[in-house]
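As structure tokens, the structure follows; a few thoughts come after it.
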Amino acid sequence: MQREIDAMQSIADQLDAGQYDELVEAIRGLNGRLIFMGVGKTGHIGEKLAATFASLGTPSFFVHATEAMHGDLGMVTKDDLVILISNSGETKETLAPINAIKRIGAQTVAFTGRADSSLAKQCDKLLLIPVQCEADDLGLAPTSSSTAALMVGDAIACTVSHEEQFTKTDFAGFHPGGALGQKLLREGVL
């Protein structure tokens, strides 16, 4: 756990505020939806981030990068912003849909740990999330890098929500079930 805690602190200390703010403003200015893409562990992170953004008022969903190449690009419109997640920035399945996304006219953002990667170079925007090493003893399993993408994505979702003045009433409207929704209903938020 300490390895991941140290990696997250390093990200917090070195994240480029200009890239972060530019992405926040791009999301706030969207006429379309926010779409996350990835494969493997980054795909799972993308699914979670899409759910977080949607629950905080930003229309969002996940498209598996491989499935995008087999018809799911039909979910993408010119008004959308697509965040592609790959720590190495060289994951071939994540790189594959970029040209098609650009032909559609959607903007692309790279969530990657390498500024010199193919993903960083091919996307319209970059949010560099560099992790020095993974948390496992081999330094190979996506652990610190996937946690970093999740942490940064959650932070952006919270920032956008704050800037858009998303309220408890708004939250309750998107969460009518479960413990959170019931708590807000008991408080009379809706």
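Bear in mind these aren't lab numbers, they're just calculated from the coordinates by the rules spelled out. A quick note: this is a predicted structure, and the numbers were derived from the prediction, not measured. Glycine gets a Cβ as well: all are built from the backbone with ideal geometry, and neighbour counts include every protein chain shown.
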Dividing the helical contributions, -39500 (n - 2.57) per DSSP H run of n ≥ 4, by the residues of the chain yields a 222 nm value, nearest 500 deg cm²/dmol, of -15000 deg cm²/dmol
Equivalent-ellipsoid semi-axes of the chain, from the Cα gyration tensor, Å, largest first
27, 22, 15
Taking K183 as the anchor, which lysines have their alpha carbon closer than 18 Å to its alpha carbon, excluding any fewer than eight residues away along the same chain?
K168
For the pair Q132/Y20, report the inter-label distance in nm, with labels modelled 7 Å from Cα in the Cβ direction.
1.9
Sequence neighbours fewer than 8 away in the same chain don't count; with that in mind, list the aspartates and glutamates whose C-alpha is under 16 Å from K48.
D154
